[in-house]
Amino acid sequence: MQIRATNTTVLDWTGDALAIGILEDAIELTGELAQLDEKLAGTINELIEEEEFKGKSGTTAVTRVGSKSPVRKVILVGLGKAEELKLDSWRTAAAAIARVAKKEKSKTLGISLPINREEPVHIPQAITEGILLALHQDNRFKSEPEDKGAKLESVDLLGLSGQDAEISRGEQIASGVILARELVNAPANEVTPVTMAETAEQIASEYGLAIEILESEDCEKFEQGMGAFLGVAKASDLPPKFIHLTYKPEGTPKRKIAIVGKSLTFDSGGLNLKVSGSGIETMKMDMGGGAATLGAAKAIAQLKPDVEVHFICAATENMISGKAMHPGDILKAANGKTIEVNNTDAEGRLTLADALVFAEKLEVDAIVDLATLTGACIIALGDDIAGLWSTDDSLASQIKAAAELAGEKFWQMPMEEKYFEGMKSQIADMKNTGPRAGGSITAALFLKQFIKDTPWVHLDIAGPVWADKEKGVNNSGATGFPVRTLVNWVMSAA
């Protein structure tokens, strides 16, 4: 499908479906829209009246136009109130339009939105993201595709000529989001530590990134040994893979940062086995942080910012076998700190501990980790909002600003040091879990033990990485959250 920016007006465009954005406080047609309505024999006003269309955000209405018309169908999309418009409003509107056009089996689509050319330049990018992500459907594991009808072949963004670079940027970011979605959607017999490493190698090969894959013996030799990561990996028949991708700009980088993603390709819970009804069948998604990390790598490698970025995924399974770590075992992380394992199902933080030590040894300016870490975060914030913890207010503000542009929701949570008391061990430096209360906070405090001085943000993305039904620009299944936030953050540092 091709998305094009054109100076063609709504009066001159011809094709299958013409989509028009309507503000909630501007239902009355004026200017070119009034002329278009006259040209279409009053079709637009008639649609507004029949559907009682008010222009509320996300609402749509569609009608067929007479057979002799240069446009077969008209789609109206509500944009909400003008004073409440944000960048994500355009993304959401474009997604709604794309879904209607797909349902109506349109091959060509023109989109006319009331955009002031003085408004933020990233609107065409957001529109492109909305279209591509709304239309993405993962049919890889079906014998026959579900959508057998006509497919959308071209989209014209009317009145937006000269915005080709923005469209290209939107396409590049969407490609990263789609990679993350497809990694999370794939079952654990398809995405393993080995195939995750192969995916990283493909990204490195295609886009010129540096890559190193640390095998078990390499992890044992790093600093004081990655005992926490390897402790989780012991029970699996598949070898762990510690993935380190590096993007470097051609010139001197303005900043040097690291993104660390939790990469449990399947989490059985270990000897603290997840029982039926616990969601064990969905634990292919426990590498959602690593998937977003690789998705961000793919997008950033295409966008080429003046920032050095390290992408780190400690990939393994958490399984059961005669080699499995036991509840009560003591593991030593790469920084020498010892951990009493009082719950083998709190394994993600163990893999992240060594990954964070590795990231800090790279002497980066900032570290962001992201993980489907705790059910407690979903209880606190629901399915749509991720938790954010940080040791640095400036870095936290950067991530929140990037998320606002992405239309992805985070809420900063407290780093309540007192809560770490519940994680102290009598025989080791710490336990890997604390009391039930404040579980997402104590998980963040655990990770903090493996950061010395580097500004750091922890993102608990357990809720938003998966959608059981359509919401926003995402289809049912993996959402690709928060690739767009990560990319926006990196680009803002350039």
**OP:** Report the calculated FRET efficiency for Asp429 and Lys54 (r = Cβ-Cβ distance, R0 = 45 Å), to the nearest 0.05.
**Re:** 0.15
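For a test of the definition: using alpha carbon positions, the gyration tensor, and the 1.5 limit on a/c, classify the range 1-154 as rounded, prolate or oblate.
On the way: a/c = 1.65, a/b = 1.24, b/c = 1.34.
Taking the square roots of the gyration eigenvalues as a ≥ b ≥ c, the range 1-154 is oblate.
Suppose R0 equals 51 Å; then what is the FRET efficiency for Thr282 and Lys68 from their Cβ-Cβ distance, rounded to the nearest 0.05?
The calculated FRET efficiency here is 0.45.
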Original post:
If you wrap a convex hull around the Cα atoms of the range 203-297, how much volume per residue is inside, in Å³?
Top reply: 136
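Return a whole-number percent for the relative contact order of the chain, with Cα pairs under 8 Å and 6 or more residues apart as the contact set.
Values: 1135 pairs, mean separation 74.7, N = 494.
Relative contact order for the chain comes out at 15 percent.
Using per-residue counts of other Cβ atoms within 10 Å, averaged over each peptide, order 52-64, 17-29, 165-177 from highest down. Display every interim value, and only then the final one.
Details: 52-64: 15.5, 17-29: 19.7, 165-177: 21.7.
Descending packing order for the listed peptides: 165-177, 17-29, 52-64.
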**OP:** Quantify how much of the Cα-Cα distance distribution of the range 422-494 extends past 19 Å, in percent.
**Re:** 57
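Please compute the contact order of the range 105-195 in relative form: average sequence separation of alpha-carbon pairs under 8 Å and at least six residues apart, divided by the residue count, as a percent. Numbers along the way, then the final one.
Values: 65 pairs, mean separation 42.5, N = 91.
Over the range 105-195, the number comes to 47 percent.
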**OP:** Pick out, from Gly78, Thr128, Thr108, the residue whose Cα sits farthest towards the positive end of the charge dipole of the range 61-142, with +1 on the Cβ of Lys and Arg and -1 on the Cβ of Asp and Glu.
**Re:** Thr108
Subject >> 222 nm mean residue ellipticity, helices alone, for the chain (DSSP H n ≥ 4; -39,500 (n - 2.57); rounded to 500) >> reply: -10500 deg cm²/dmol
**OP:** Run a plain Debye calculation on the range 108-238 (Cα atoms as equal point scatterers, no solvent) and give log10 I(q)/I(0) at q = 0.12, 0.19, 0.20, 0.21 Å⁻¹, rounded to two decimals, same order as the q list.
**Re:** -0.72, -1.17, -1.23, -1.29
**OP:** Would you mind counting up the charge near Gly328? Only other residues with Cβ under 11 Å from its Cβ, with Lys and Arg at +1 and Asp and Glu at -1.
**Re:** -1
Original post:
Can you flag which of Lys234/Lys337; Lys248/Lys418; Lys102/Lys274 are past 28 Å Cα-Cα?
Top reply: Lys248/Lys418; Lys102/Lys274
Subject >> Overall Cα dimensions of the range 360-494 - principal axes, largest extent first, Å >> reply: 48, 36, 21
Original post:
Once label points are set 7 Å from the Cα along Cα→Cβ at both Glu220 and Asn7, what is their separation, rounded to one decimal in nm?
Top reply: 6.8
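Peptides 370-380, 83-93: what's the order by average Cβ count within 10 Å, highest mean first? Can you show the working numbers first?
Numbers: 370-380: 22.8, 83-93: 19.5.
Highest mean packing first, the order is 370-380, 83-93.
With viscosity set to 1.567 mPa s and temperature to 4 °C, compute the Stokes-Einstein D of the chain, Rh being the Kirkwood radius across alpha carbon pairs; µm²/s, no decimals.
Numbers: Rh = 23.7 Å.
Translational D for this selection: 55 µm²/s.
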**OP:** Using Cα centres only, tell me the gap between the range 416-471 and the range 324-355 in whole Å.
**Re:** 13
**OP:** Using Cα positions and a limit of under 19 Å, work out the aspartates and glutamates in reach of Lys56, with same-chain residues fewer than 8 apart set aside.
**Re:** Glu24, Asp25, Glu28, Glu46, Glu83, Glu84, Asp88, Glu470
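Which whole-number percentage describes the relative contact order of the range 1-106, with Cα contacts under 8 Å and a sequence gap of 6 or more?
Numbers: 148 pairs, mean separation 34.2, N = 106.
About 32 percent, as a whole number.
We did not get these values from a lab; they are worked out from the coordinates using the rules stated. The shown structure was predicted, so the numbers you read here are calculated from the model rather than taken from an experiment. We place every Cβ from the backbone using ideal geometry, glycine too, and count neighbours over all the protein chains shown.
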